[in-house]
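Working notes for the structure below.
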Amino acid sequence: MHATKDDIKATSRLTQQAAFDSLRKTKIRWVSKGFALQAMQATTPSEQLGFCIIASKKTAKSAVLRNRMRRRLRAVALEILPHHAKSGMDYMVVARKDAPTLGIEELRRDMVWCLKRLDLLKDVS
């Protein structure tokens, strides 16, 4: 399953530094093997989910690996968040060292699992 155009339209990328800073300070966080998921109430009321992907030099010294982490986590976030995450929230996905080596299916399961543990999983009926 891949993200459709509707999935991409249902999300927005967080680009302002203030959004990053406020997400970093939030206590709503769950860590899995490949990434950490943080969430907070959306800064602007809209129907789109806001998200960002962070991959620092601490996780991988090589820019190639950091870019691979970002691409994989962005693909998983665009696929999972519009269908499973509660709306009205902003999400930050912070890459961890195992992100480039884990299978994509495991990253998908971890994303849903993190949402469930944070009590942000949408009731899919």
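Read the figures in this text as sums done on the coordinates, not as results from a lab. What you are looking at is a predicted structure, and each value in this text was computed from that prediction instead of being measured. Virtual Cβ from ideal backbone geometry, glycine too; neighbours counted across all protein chains shown.
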- request: Would you mind checking the pairs LYS57/LYS97; LYS27/LYS58; LYS86/LYS116; LYS25/LYS122 and listing those with alpha carbons more than 19 angstrom apart?
  value: LYS27/LYS58; LYS25/LYS122
query: Where the eigenvalues come from the Cα gyration tensor of the stretch 5-117, what are the semi-axes √(5λ) of the equivalent ellipsoid, largest first, in whole Å?
result: 21, 16, 13
field: Hits among aspartates and glutamates - C-alpha to C-alpha of LYS61 under 20 Å, sequence gap 8 or more where chains match
entry: ASP98
- line: Phi angles of the stretch 35-50, converted by Karplus (6.51 cos²θ - 1.76 cosθ + 1.60, θ = phi - 60°) into ³J(HN,Hα) in whole Hz with x for Gly and Pro, give 7, 10, 10, 10, 9, 7, 4, 4, 6, 10, x, 7, 8, 8, 7, x
query: Distance in nm between label sites at ALA75 and SER46, each 7 Å beyond Cα in the beta-carbon direction?
result: 2.6 nm
message: Full-extension gain between ASP6 and ILE104, please, as 0.36 nm times their residue separation minus the C-alpha to C-alpha distance.
response: 33.2 nm
